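Engineer: Please read through the structure below; I'll follow up with questions.
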Amino acid sequence: MKITDVKVETIRIPMKKPFRIAFAVQDHSLNVLVKISTDEGLWGIGEAAPFEPVTGESAATVLEALKLFRTGLIGMDPLDVEGIHRMMDRLLSGNTSAKAAVDIALYDIKGKLMGQPLYKVLGGSVNQIVTDMTVGIDTPEAMAAEARERVEKDGFTILKIKAGINPSEDIQALTLIRQAVGPNIRLRVDANQGYTVSDAVRTLKAFEALGVEAVEQCLPSWDLDGMRFVRSKVDLQVMLDESVHTPIDAAKACKIDAADIINIKLMKCGGLYPAEKINAIAEANHVQCMVGCMLETKVAIAAGVSLVAAKQNITEADCDSFMYAVDPEMGMPGGFAVNGGVYTLSDKPGLGLDIDF
């Protein structure tokens, strides 16, 4: 089987409301869909969700990268996933969301060829996962009201609270959120590199008293030594996100005991193939993983939740971003069904999505 064509399509995804984190505010996402076709009539769909502050990419750079990758892809075997990653890495450093788009499409083809859903292609047998729902930065009162709505109206049992701009307001927000949702809702916090070491230790101690179970990337991405120090001073779990893009990053973090959990994002690492490597390195070092997401459609989300379902060491999921969109389905039926925070994956081959272009 040979790759015969690579098509791309840019899509604009408007959000229901602006989404604020410590270093950015987004009211839409401009993503790129990829369709890889073969000489045997099989084709796969992938997605790039670039985010400049994290991946260093925009939709425009993704389109240019995919033009370059197309020249290498034509004539290659779509099952040669390692060879295709090697080709892309030789052509361009970084550009991980563009590489993820190609990677996801290859796994979609593989699933269709095998006649199996992606979570089984990746070695799994369980077709359900539980995700959290994220509450963006707002006034503490507004965040508490949104948290209550996510629990009481939407049925989520795990909330991820964005923080990192003002530690005192973060503590106030988490206090009000805990009061609003009660003692049984699992809470984790994402500070998006917003704290200093001293702020982190003080603030995380306050979070401990509120029953927060984990805090994600509280320090700048480069400060692994600081993360190790913070971890030694607190009892809740310390998670790395922006610090870990590659398997090598994961190995460095594990070597110095800088994390309890690593957040794997397909857009950040380049797709499912490198994501499996990161998880394997983490597992070998007794570090658990979570799969997170950028502002993605159901294409990339279906790939991410399939990885969660397939790997025992991936114990958590933060795969909610498509629900922020004005139209979460975006003309992409299938992939998985949603009931509160529980996703039931499709048993259709590949990503299981009914989409073509």
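The values are calculated or read from the model by the stated rules, or taken from the named source; none is laboratory data. Since the model is a prediction, treat every value here as computed from it, not as a measurement. Using ideal geometry, Cβ is built from the backbone for each residue, glycine included, and neighbour counts are taken over all protein chains shown. For the accessible areas, the whole protein counts, side chains as well, though only heavy atoms, and no ligand, DNA or RNA atoms are used. Shrake-Rupley method; radii C 1.70, N 1.55, O 1.52, S 1.80 Å.
Engineer: Taking just the alpha-carbon atoms of the stretch 266-340, what radius of gyration and Dmax come out, in angstrom?
Structural biologist: Here Rg and the maximum Cα pair distance are 12.9, 41 Å.
Engineer: Dividing the convex hull volume of the Cα atoms of the stretch 134-257 by its residue count, what figure in Å³ per residue is obtained?
Structural biologist: With only Cα atoms used, the stretch 134-257 gives 96 Å³ per residue.
Engineer: At 1.4 Å probe radius, can you tell me the per residue accessible area of the chain in Å²?
Structural biologist: That works out to 38 Å² per residue.
Engineer: Rounded to two decimal places and with Rh computed the Kirkwood way over Cα pairs, what is Rg over Rh for the stretch 47-108?
Structural biologist: Result for the stretch 47-108 is an Rg/Rh of 0.95.
Engineer: Let me ask you something else. Dipole size in debye (nearest 20) for the stretch 1-114 around its Cα centre, Lys and Arg Cβ +1, Asp and Glu Cβ -1?
Structural biologist: The dipole magnitude comes to about 320 debye.
Engineer: Express the C-alpha Rg of the stretch 181-318 as a ratio against the empirical globular expectation 2.2 N^0.38 Å, rounded to two decimals.
Structural biologist: Here the Cα radius of gyration is 1.01 times the empirical estimate.
Engineer: With every atom except the alpha carbons ignored, what do you get for Rg and Dmax of the stretch 61-190, in angstroms?
Structural biologist: Just the Cα atoms of the stretch 61-190 yield Rg and Dmax of 21.3, 59 Å.
Engineer: Calculated from DSSP H runs of 4 or more alone, at -39500 (n - 2.57) each and per residue, what is the 222 nm mean residue ellipticity of the chain, nearest 500?
Structural biologist: -12000 deg cm²/dmol
Engineer: Please report the spacing between the Cα centers of the stretch 131-149 and the stretch 226-240 in Å, no decimals.
Structural biologist: Each part's Cα centre sits 24 Å from the other's.
Engineer: Consider all pairwise Cα distances in the chain and report the whole-number % of them above 37 Å.
Structural biologist: So the pairs more than 37 Å apart make up 14 percent of the total in the chain.
Engineer: So for the chain: antiparallel DSSP bridges make up what percent, rounded to the nearest 5?
Structural biologist: The antiparallel fraction comes to roughly 55 percent.
Engineer: Collect residues whose amide H, placed 1.01 Å from N in the peptide plane, falls under 5 Å from the amide H of THR134; neighbours closer than 5 in sequence don't count.
Structural biologist: Under 5 Å from the amide H of THR134 lie the amide H atoms of LYS160, each far enough along the sequence or on another chain.
Engineer: Got a sec to turn the phi values of the stretch 244-255 into Karplus ³J(HN,Hα) couplings, 6.51 cos²θ - 1.76 cosθ + 1.60 with θ = phi - 60°, whole Hz, x for Gly and Pro?
Structural biologist: 10, 9, 10, x, 5, 4, 4, 5, 5, 5, 5, 4
Engineer: Dipole of the stretch 273-357, Cα-centred, from +1 at each Lys and Arg C-beta and -1 at each Asp and Glu C-beta, to the nearest 20 debye?
Structural biologist: Charge dipole, the stretch 273-357, about its Cα centre: 220 debye, nearest 20.
Engineer: Would you list the P(r) distribution for the stretch 154-223, with all Cα-Cα distances sorted into 5 Å bins from 0 and each bin expressed as a whole %?
Structural biologist: Per 5 Å bin, starting at 0, the Cα pair percentages come out as 4, 18, 31, 25, 13, 7, 2, 0.
Engineer: Which of SER93, LEU353, HIS286 sits closest to the plus end of the dipole of the chain, meaning its Cα is farthest towards the positive end, when Lys and Arg get +1 and Asp and Glu get -1 on the C-beta?
Structural biologist: Result: HIS286.
Engineer: How big is the gap, in Å, between the Cα center of the stretch 150-177 and the Cα center of the stretch 51-87?
Structural biologist: Rounded to whole Å, the Cα centres lie 37 Å apart.
Engineer: Could you order THR4, THR297 by accessible surface area, starting with the largest, using a probe radius of 1.4 Å?
Structural biologist: Listed by decreasing accessible area, they come as THR4, THR297.
Engineer: Same structure again: Let's see if you can work this out: charge +1 on each Lys and Arg Cβ, -1 on each Asp and Glu Cβ, no other charges. What is the dipole magnitude of the stretch 194-339 about its Cα centre, in debye to the nearest 20?
Structural biologist: For the stretch 194-339, the charge dipole is close to 340 debye.
Engineer: Work out how much length VAL326 to PHE357 would gain on full extension: take 0.36 nm times their residue separation and subtract the Cα-Cα distance, in nm to one decimal.
Structural biologist: 9.0 nm
Engineer: If contacts are Cα pairs under 8 angstrom and at least 6 residues apart, what is the relative contact order of the stretch 8-76 in percent?
Structural biologist: 23
Engineer: Now for a different question. Where a ≥ b ≥ c are the square roots of the eigenvalues of the C-alpha gyration tensor, would you call the stretch 23-76 rounded, which needs a/c under 1.5, or, failing that, prolate if a/b is larger than b/c, or oblate?
Structural biologist: prolate
Engineer: Right, next: According to a simple spin-label model (label point 7 Å from Cα along Cα-to-Cβ), what is the distance in nm between LEU30 and LEU210?
Structural biologist: Result: 3.6 nm between the two label points.
Engineer: For the chain, give the percent of accessible area contributed by carbon and sulfur heavy atoms, probe 1.4 Å, rounded to a whole number.
Structural biologist: Carbon and sulfur: 50 percent of the exposed surface of the chain.
Engineer: Now for a different question. Could you work out the relative contact order of the stretch 119-236? I mean the mean sequence separation of Cα pairs under 8 Å and 6+ apart, divided by the number of residues, in percent.
Structural biologist: Averaging sequence separation for qualifying contacts and normalising by length gives 22 percent for the stretch 119-236.
Engineer: Residue separation times 0.36 nm, minus the C-alpha to C-alpha distance between ILE74 and ARG202: what's the value?
Structural biologist: The span from ILE74 to ARG202 would gain 40.7 nm if fully extended.
Engineer: Another question, then. Probe radius 1.4 Å, ligands and nucleic acids left out: which of LEU307, LEU91 has the largest accessible area, and how do the rest follow?
Structural biologist: LEU91, LEU307
Engineer: Just want to confirm a number: the relative contact order over the chain, from Cα pairs under 8 angstrom separated by 6+ residues, in percent.
Structural biologist: About 19 percent, as a whole number.
Engineer: Sort 153-163, 256-266, 239-249, 321-331 for me by packing, meaning the mean count of neighbouring Cβ atoms within 10 Å per residue, highest on top.
Structural biologist: Put in order of decreasing packing, that is 256-266, 239-249, 153-163, 321-331.
Engineer: Among GLY182, GLY111, GLY155, whose Cα lies farthest out toward the positive end of the dipole of the chain, if unit charges sit on the beta carbon of Lys, Arg (+1) and Asp, Glu (-1)?
Structural biologist: The Cα lying farthest towards the positive end belongs to GLY111.
Engineer: Tell me, what ³J(HN,Hα) does each residue in the stretch 55-72 have, in order and in whole Hz, if you take phi through Karplus 6.51 cos²θ - 1.76 cosθ + 1.60 with θ = phi - 60° and put x for Gly and Pro?
Structural biologist: Karplus-based 3J(HN,Hα) across the stretch 55-72 equals 9, x, 10, 10, 4, 5, 5, 4, 4, 5, 4, 5, 4, 5, 4, 4, 5, x Hz.
Engineer: Would you give the gap between the C-alpha center of the stretch 247-287 and the C-alpha center of the stretch 8-31, rounded to a whole Å?
Structural biologist: Going from one Cα centre to the other spans 26 Å.
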